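Please read the structure below before turning to the comments.
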């Protein structure tokens, strides 16, 4: 995606969010539901073309209004927070594209592999990158999302929704040496404080480690999908 398309898509997403906020707070009008449905369809198609998973399950404003009641979002502030968080990771990535900021070398290859039944993992995979390159980086959560994306691929492709990477990876029949590497990476993240478990001392993870796990997870996702899809 080039900078112009990133700007245009970002603007449409923000228009969609504005409709949601207006309808769920104090700015409701009769023409908003129709406008929202048209814009939602347009944004969804453009997100698919740009290889993002649409994180917004609210296909109509009426459904969104019912969802707010179901989730007991009784204040305008809580509804605004929900809407703001929906597209936060995508908008951040679009900003990065607009600024021609550097990105992970293999991240795009893995994202391209996350199609069909793996498409929902794209949201998780985007978080792994954003946690590194945001203005307030979170290296622990980046490592967690990176290795979790690999685990999610195995869970989906092996039809093991309740499995863990350590328990199900042998079912994948991967090259034994590669299987060992992936398992060791998964085990290594368990030993890092505040990654997959809690901790009692401050984390020593840096951008270098977070980028290492992001790249390792990327090539693992590409390999696993080629072997199992």
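Computed quantities for the displayed model
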{"read-out": "Residue 56 being surrounded by 14 or more Cβ atoms within 10 Å (Cβ to Cβ) and in the same structural domain as residue 16 (by TED's automatic domain parsing)", "value": "yes"}
{"read-out": "Options 101, 50, 11; residue that is surrounded by fewer than 17 Cβ atoms within 10 Å (Cβ to Cβ) and modelled with pLDDT of 95 or more", "value": "11"}
{"read-out": "Some residue of the range 122-145 being touching a helix residue (DSSP H, G or I) at 6+ places or on another chain (Cβ under 8 Å), under 28 Å from residue 32 (Cβ atoms) and outside the structural domain of residue 37 (by TED's automatic domain parsing)", "value": "yes"}
{"read-out": "Filter result for residue 122 (surrounded by 14 or more Cβ atoms within 10 Å (Cβ to Cβ), at pLDDT below 90 and under 19 Å from the mean Cα position of the chain (by Cα))", "value": "no"}
{"read-out": "Residues being touching a helix residue (DSSP H, G or I) at 6+ places or on another chain (Cβ under 8 Å) and assigned to a loop (DSSP other than H, G, I, E, B) - total across the range 163-180", "value": "4"}
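For every residue, the table says whether it meets (1) in the same structural domain as residue 116 (by TED's automatic domain parsing); (2) touching a residue at least 40 places away in the same chain (Cβ under 8 Å); (3) assigned to a helix (DSSP H, G or I); (4) on the phi > 0 side of the Ramachandran plot.
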residue: 9; (1), (2), (3), (4): no, yes, yes, no
residue: 29; (1), (2), (3), (4): no, no, no, no
residue: 38; (1), (2), (3), (4): no, no, yes, no
residue: 43; (1), (2), (3), (4): no, no, yes, no
residue: 63; (1), (2), (3), (4): no, no, yes, no
residue: 82; (1), (2), (3), (4): no, no, yes, no
residue: 92; (1), (2), (3), (4): no, yes, yes, no
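The values are calculated or read from the model by the stated rules, or taken from the named source; none is laboratory data. None of these values were measured; they are calculated from a predicted model. With ideal geometry, Cβ positions are generated from the backbone for all residues, glycine too; neighbour counts draw on all protein chains shown.
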